[in-house]
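Encoded as structure tokens, the structure appears first; notes follow it.
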Amino acid sequence: MAASPASAGEVGAQALSCKTSAGSTGGWAECTGSGKWRAKAVCDFEADLYSQRVDQKSRTVRVYVPDCTFNIEKAAVELL
């Protein structure tokens, strides 16, 4: 699993710096700073899956996405 930065379109309006990583069926998102967000698993052949919501005040938080049944295309950060 190689970590990659979240795209500017997904993170930027809030004071967050995030990176994501995806393996074969699961992945994670990790953000530093403050803001409200959740991690999203973009799955093949099924609907996207989401982590719990995070209301982050500071520090670094890592959240794991639920595993996809078949394959995960990517993990992403969704601002709330």
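The values are calculated or read from the model by the stated rules, or taken from the named source; none is laboratory data. Predicted, not measured: the structure shown is a model, and the values here were computed from it. Here Cβ is always computed from backbone atoms with ideal geometry, including for glycine, and neighbour counts include all displayed protein chains. Each accessible area value is taken on the protein alone, full model and side chains, heavy atoms only, with ligands, DNA and RNA left out. Shrake-Rupley method; radii C 1.70, N 1.55, O 1.52, S 1.80 Å.
Note on the range 5-38: residues that are open to solvent by less than 50 Å² (accessible area, probe 1.4 Å), of a type outside the set (A, V, I, L, M, F, W, C) and modelled with pLDDT under 65 total 1.
A count restricted to the range 61-72 and to residues that are touching a Cys at 6+ places or on another chain (Cβ under 7 Å) and closer than 19 Å to Lys19 by Cβ stands at 2. For the range 44-76, enumerate the residues that are in a strand (DSSP E or B) and free of Cβ contacts under 8 Å to residues at least 40 places away in the same chain. Across the range 44-76, the qualifying residues are Leu49, Tyr50, Val54, Asp55, Thr60, Val61, Arg62, Val63, Tyr64.
Scanning the range 45-80 for residues that are over 14 Å from the mean Cα position of the chain (by Cα) and open to solvent by 100 Å² or more (accessible area, probe 1.4 Å), which turns out nearest to Cys31 (Cα to Cα)? So, considering only residues that are over 14 Å from the mean Cα position of the chain (by Cα) and open to solvent by 100 Å² or more (accessible area, probe 1.4 Å), the one nearest to Cys31 (Cα to Cα) is Arg59.
Is it true that Ala41 is surrounded by 13 or more Cβ atoms within 10 Å (Cβ to Cβ), free of Cβ contacts under 8 Å to residues at least 40 places away in the same chain, within 9 Å of the chain's Cα centre (by Cα) and not in a loop (DSSP other than H, G, I, E, B)? When the stated conditions are applied, Ala41 passes them.
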